[in-house]
Amino acid sequence: MDYERTISPKLHSATRTTHYSHEMERIVKIHEGDLGIHDVPRNPQVIERGLRRALAENPQLREVVSAIVFGDSAKEIHSAAGEPSLTVHRNGTPKIAIASDDLKVPAIRGHIRTQLLQALSLIAFPVSAPTNGIPHRRELYTRAHLERFLNVSDPRLTDSLSIVVQGGHRISPDEYAFVAAVAQEITRVQRNVTWITGCGHGVMEAPFDGANQARKMMAQRPDIRKAVNIGVTERGILAKERPNKYVDLLLTYPDIEQRMEAFIRLADIIMVFPGGVGTAEEIMQLLGIMMFNNGKHPNHTVAMHLLEQQGGTWMSQIRTLLQACFTAEELKKYINVFPDTTPTQYKRHLTEETGRNRNSGWNSILEIPERMQRPIGITDPNEFYRWMESIRLSRGEHDPFTLAATLREVFSAIVELTVKQPHIAAQWQSQGQTPALIGDRETVTAMMQFIDSMYAQGRLFEGCPPRERLLRAAA
């Protein structure tokens, strides 16, 4: 049996007056005989020393604190290790003090304080252990992160419709209003909906905004229970971007793959709104997982809905790519498309469908193949170049699952080159080389056209390398 050191703050720690150490007393135990989490540090001095040591030793953790509190990743933040209380500074000015008696943060209030404590607890005291390549054990640790704050049998998950929303940061005000209106309409009709997003801005903020508006309108109704807005992130993202103000529960995973697994296992329905290449990667990952599970677990699948407001062009572009890669019969099994829709129209459809896709809080039965959890993990520019040139996009050569996995890898590579490792593309440019995308003409052409359309719509991060430096179609 594995034992992990952990802390377990309850959900609404920002509103509690008890000492933070008292909020850490709940011991999480998952899957008896396989994973137990014990030995919870209750002494506030022990916890404080752990947080101080983590801040002193981990630059990324300091960036996380900065991003949450200040909204950026200022490098001036440091921990005052010689002081009796943990003090974080920016530009020499004290901003946060976590007192040694109760670990409260007196300078920070409300959602920022809650998010800061949740993030620090998961990063400084992580739930992590070798999984020895066994997917089931990885699923347990992914679930354990959630259960640090909210048990999967909690009525807010089991008795509600869990909707994961994915989409882009860079959206127009009209697109934001549309996503918020959809969430507001659904929350009014379904009453108990748990909304789950990547916790950033744009499409990840709008559903929380709309849902909260609906909940305020229905606050006096006796059949309305307190729902929860769950933000799911990972350390690298959190160090660059502050979670939005509507996040009630912030889950911080050690890597992007566990983050994606949490989305899929929490979801009854996944709604996808317009976004960039990261959103396209998420579509291909979910599509591949559904294809992999086809026939194995028909009653434990996740519905994927693509939505766009009237007059939008993103939907036609992603559909063109999907239709170039898969048959109509394959797509119909896994994706429902709602182009040119309105919140009211979509609400009617969802009301009819609700009940067919309920996964009781956490979908542990769904199998997630290892290839869909494998990060690129390449930092050498020459090795990255060779790997890119080894990719084959061919509808004729691959079965549907393999093609979806390959498409996901291409989009993942573009995210790496535009967000995480743009220096690789810069080195390629200095050497006068750009990797070629090889495959059948229709599939490669559709992929290149989709990527170019994302650039044209401004859906990639400002300042990212141009597409010509990342990828070209093979001659």
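Any read-out appearing in this document is the output of simple, stated calculations on the displayed coordinates, not a laboratory observation. Keep in mind the model is a prediction, meaning the values are calculated, not measured. In this analysis, Cβ positions are derived from the backbone assuming ideal geometry, glycine residues included, and neighbour counts consider all displayed protein chains.
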| Where does segment 381-439 land on Rg(C-alpha)/(2.2 N^0.38 Å)? | 1.19
| message | Can you compute 3J(HN,Hα) from phi for each residue in segment 387-393, using the Karplus curve 6.51 cos²θ - 1.76 cosθ + 1.60 with θ = phi - 60°, rounded to whole Hz and x for Gly and Pro? | response | 5, 4, 6, 8, 6, 10, 9
| query | How do Phe208, Phe384, Phe338 line up, fewest other C-beta atoms within 10 Å first? | reply | Phe338, Phe384, Phe208
| remark: Along segment 334-339, Karplus-curve 3J(HN,Hα) (6.51, -1.76, 1.60; θ = phi - 60°) to the nearest Hz, with x for Gly and Pro, reads 10, 10, 9, 10, 10, x
| Asp340 to Lys296: extension gain in nm, 0.36 nm per residue of separation minus the Cα-Cα distance? | 12.4 nm
| request: Compute the projected area of the convex hull of the Cα atoms of segment 371-473, averaged over all viewing directions, and report it in nm² to one decimal place. | output: 6.4
| task | State to the nearest 20 debye the size of the charge dipole of segment 357-475 about its Cα centre, where the only charges are +1 on K and R beta carbons and -1 on D and E beta carbons. | result | 180
| remark: Nearest-0.05 FRET efficiency for Ala426 and Gln220 at R0 = 41 Å, using Cβ-Cβ distance, is 0.10
| note | Pairs over 22 Å Cα to Cα, from Lys333/Lys420; Lys245/Lys420; Lys216/Lys245; Lys216/Lys347; Lys296/Lys333, come to Lys333/Lys420; Lys245/Lys420
